[in-house]
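The values are calculated or read from the model by the stated rules, or taken from the named source; none is laboratory data. Since the structure is predicted, the reported quantities are computational estimates derived from the model, not experimental observations. Glycine also receives a Cβ, built like all others from the backbone with ideal geometry; neighbour counts cover every protein chain displayed.
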Amino acid sequence: MRRNDEAVAEAERALRIDPISTGNNGNLGSVFVFTHQWDKAIEQLRAAIDLDHGYWFDYCFLGRAYEQRGRLPEAIVTFQRGLTLEGNTELWSGLGHAYAALGNKAEAQKVLDHLKELSAHSYVAPYNVAVIYVGLGEKDEAFAWLNRAYEERSYTLVEYLTTDARLDSLHSDPRFTELVRRIGLPQ
């Protein structure tokens with residue numbers, strides 16, 4: 001919530017206390033993603049993966065950092081590696097957005113179809129669907145899914161809405177400002 005320096009300092013403090021903790025290493029990397037420090041995020045998340053190759057979370061955030069640095073093929077491979085560990089919908093969302101950002105709309109649509117099919121028998125956060133629609137440039141659909149997330153009181157909105165660089169193209173839209181206001185996040 002705009003307290004980036006404090007977030008980084010706390011994550012670094014936790015890592016100093018337990019430098020071989022895979023959770024602390026990945027957490028610092030994710031904080032770098034939230035604060036848009038892409039190169040630091042990549043370095044930290046690669047170190048976290050070196051400590052533990054088996055944690056999907058690190059691949060999810062590393063893929064996001066790669067994507068924001070314009071390293072889309074690496075982002076896609078990273079999301080795919082994470083998905084071999086766990087079929088987490090955040091990884092699917094990241095993969096779909098990366099495909100869309102690369103201009104591969106057909107693959108992005110396949111991921112959307114998969115998430116919608118999955119939602120018939122397990123929970124899929126509407127935010128994760130919205131992210132792919134943002135990548136495809138379909139703002140109306142993205143806002144429909146973001147509003148669904150709001151109606152469901154999804155934690156992902158509070159956690160990601162104002163920090164996820166993948167949503168930057170929505171910030172100038174009055175619907176985004178209104179959603180931020182309704183949630184109660186700082187403008």
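Residue-wise test of (1) among the hydrophobic types (A, V, I, L, M, F, W, C); (2) under 26 Å from GLY137 (Cβ atoms); (3) modelled with pLDDT under 95.
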residue: GLY29; (1), (2), (3): no, no, yes
residue: VAL77; (1), (2), (3): yes, yes, no
residue: GLU86; (1), (2), (3): no, no, yes
residue: LEU91; (1), (2), (3): yes, yes, no
residue: LEU95; (1), (2), (3): yes, yes, no
residue: TYR99; (1), (2), (3): no, yes, no
residue: ASN104; (1), (2), (3): no, yes, no
residue: LYS110; (1), (2), (3): no, yes, no
residue: SER119; (1), (2), (3): no, yes, yes
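TYR160 meets the conditions (1) at pLDDT 95 or above; (2) surrounded by 13 or more Cβ atoms within 10 Å (Cβ to Cβ); (3) within 26 Å of HIS114 (Cα to Cα) in every case but one. The failed one is (1). Close contacts from the stretch 113-124, counting a first residue that is exposed (fewer than 15 other Cβ atoms within 10 Å of the Cβ) and a second that is part of a loop (DSSP other than H, G, I, E, B) and among the aromatic types (Phe, Trp, Tyr), with Cβ to Cβ under 6 Å and a gap of 6+ residues or different chains, come to none at all. Kindly indicate the residue of the stretch 47-79 that is out of contact with any helix residue (DSSP H, G or I) (no Cβ under 7 Å at 6 or more places or on another chain) and either surrounded by 15 or more Cβ atoms within 10 Å (Cβ to Cβ) or of a type in the set (S, T, N, Q) (or both) and also nearest to THR22 (Cα to Cα) among those meeting that condition. Ranking the candidates gives VAL77 first. Scanning the stretch 1-49 for residues that are over 16 Å from the mean Cα position of the chain (by Cα) and of a type in the set (S, T, N, Q) yields a total of 6.
Figure legend. Inter-residue proximity from the stretch 166-187: first residues of a type in the set (Ser, Thr, Tyr), second residues not in a helix (DSSP H, G or I), beta-carbon distance below 9 Å, spacing 6+ or different chains. Indicated pairs: SER169/GLY137; THR177/HIS171; THR177/GLN187.
Taking helices (runs of 4 or more DSSP H) as the structural unit, those lying wholly within the stretch 100-178 and holding at least 1 residues that are more than 26 Å from VAL31 (Cβ to Cβ) correspond to 105-118, 126-135, 139-151.
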